[in-house]
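Read through the structure below, which is laid out as structure tokens, and then see the notes.
The values are calculated or read from the model by the stated rules, or taken from the named source; none is laboratory data. Keep in mind the model is a prediction, meaning the values are calculated, not measured. With ideal geometry, Cβ positions are generated from the backbone for all residues, glycine too; neighbour counts draw on all protein chains shown. We work out accessible area using only protein heavy atoms, side chains counted, and drop any ligands, DNA or RNA first. Shrake-Rupley method; radii C 1.70, N 1.55, O 1.52, S 1.80 Å.
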Amino acid sequence: TMNISITAESTLATVTVNAEDYIIIETPVLDENKQYLSPSTSTITFTLTEGYENPEVIATKATAGEPSLNNNTYSVVLTEVEDEAVVTISATLKSIAVAANKGIGISWSDNQDPAESVTYGTDYTLSFTVDQDYHTPKAIVDGVFYDVTNDGAIYTLTITEVKSAKTIYIGAFDANTIPVSADTWVRGGDAHAGIVNVNDPGLYAQYSTYN
């Protein structure tokens, strides 16, 4: 009696991985041609640069599962991998929410409501006008005063490289109120800081300069 054992050779397939610079391939290690040798099933793990989300994986000569996320690392399982398979990984920039509010005396340019979002890392621009009997617009973003520019009657607020949600308030002063920078202003013997009404007889400002 003769026993004959036959072992099939395991064949590895060459897989090319195409990914933009914002996608960092963790495993497997790719060669200089962005390739690796894969059995019939393998796993690719990767991370995304800050600001990117929703990765998509497309494969030819292989079947790619949906990416799963664990501890900021994505994993995608390839099955039915054939030689010369190609895997393409992409992602999209996040959309950042922006809430813009206005006070009395402010109108949005062209009567168009401001955009409610902006692409991660890009600039957000808001244009507005100041109504009659109001002046000196002020822009407050997340509690911080921002400068505005103007071209004639059109004022513009620009927030550069937005990477987190923003809340904006645009206001203006009425005709009887002038913004004053003062070391001290006093009402009834109590010291305060802030905007004063120049027609209020109960106020006395020391060391004041007009803006």
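Matching residues to (1) over 20 Å from the mean Cα position of the chain (by Cα); (2) surrounded by fewer than 18 Cβ atoms within 10 Å (Cβ to Cβ):
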{"site": "74", "(1), (2)": "yes, no"}
{"site": "77", "(1), (2)": "yes, yes"}
{"site": "81", "(1), (2)": "yes, no"}
{"site": "97", "(1), (2)": "no, yes"}
{"site": "101", "(1), (2)": "no, yes"}
{"site": "104", "(1), (2)": "yes, yes"}
{"site": "109", "(1), (2)": "yes, yes"}
{"site": "115", "(1), (2)": "no, yes"}
{"site": "121", "(1), (2)": "no, yes"}
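Scanning the stretch 123-140 for residues that are among the hydrophobic types (A, V, I, L, M, F, W, C) and either at positive phi or open to solvent by 30 Å² or more (accessible area, probe 1.4 Å) (or both) yields 130, 140. A single entry from 37, 48, 93, 30 fulfils the requirement of being touching a Gly at 6+ places or on another chain (Cβ under 9 Å) and either farther than 18 Å from residue 120 by Cβ or at pLDDT 95 or above (or both): 93.
Among residues of the stretch 61-77 that are under 12 Å from residue 15 (Cβ atoms), those with a Cβ under 8 angstrom from a residue that is aliphatic (A, V, I, L, M) and open to solvent by 60 Å² or more (accessible area, probe 1.4 Å), sequence gap 6+ or separate chain, pair up as 64/58; 64/77.
Could you please find all residues in the stretch 45-61 being of a type in the set (A, V, I, L, M) and out of contact with any Ser or Thr (no Cβ under 7 Å at 6 or more places or on another chain)? Talk me through it step by step, then tell me what you get.
If we filter the stretch 45-61 for residues that are of a type in the set (A, V, I, L, M), which is where we start, we get 48, 57-59.
Within the stretch 45-61, 48, 57, 59 meet the criteria.
Restricting the stretch 109-126 to residues that are touching a Leu at 6+ places or on another chain (Cβ under 8 Å) and assigned to a strand (DSSP E or B) leaves a set whose member that is farthest from residue 167 (Cα to Cα) is 119. Of all residue pairs spaced 6 or more apart or on separate chains, those with beta-carbon atoms under 8 Å, a first member in the stretch 157-177 that is exposed (fewer than 12 other Cβ atoms within 10 Å of the Cβ) and a second member that is at pLDDT below 95 are 175/133; 175/134; 175/135; 176/197; 176/198; 176/199.
Residue 86 meets each of the listed conditions (1) surrounded by 12 or more Cβ atoms within 10 Å (Cβ to Cβ); (2) farther than 30 Å from residue 62 by Cα; (3) β-branched (Val, Ile, Thr); (4) modelled with pLDDT of 95 or more apart from (2). Assess whether residue 65 counts as being at pLDDT 95 or above, in contact with a Lys or Arg (Cβ under 6 Å, 6 or more places away or on another chain) and either surrounded by fewer than 19 Cβ atoms within 10 Å (Cβ to Cβ) or over 14 Å from residue 17 (Cβ atoms) (or both). Criteria not met by residue 65.
Within the stretch 34-49, the set of residues being outside any strand (DSSP E or B) and in contact (Cβ under 8 Å) with a residue 24 or more places away in the chain comprises 39, 40, 41, 49.
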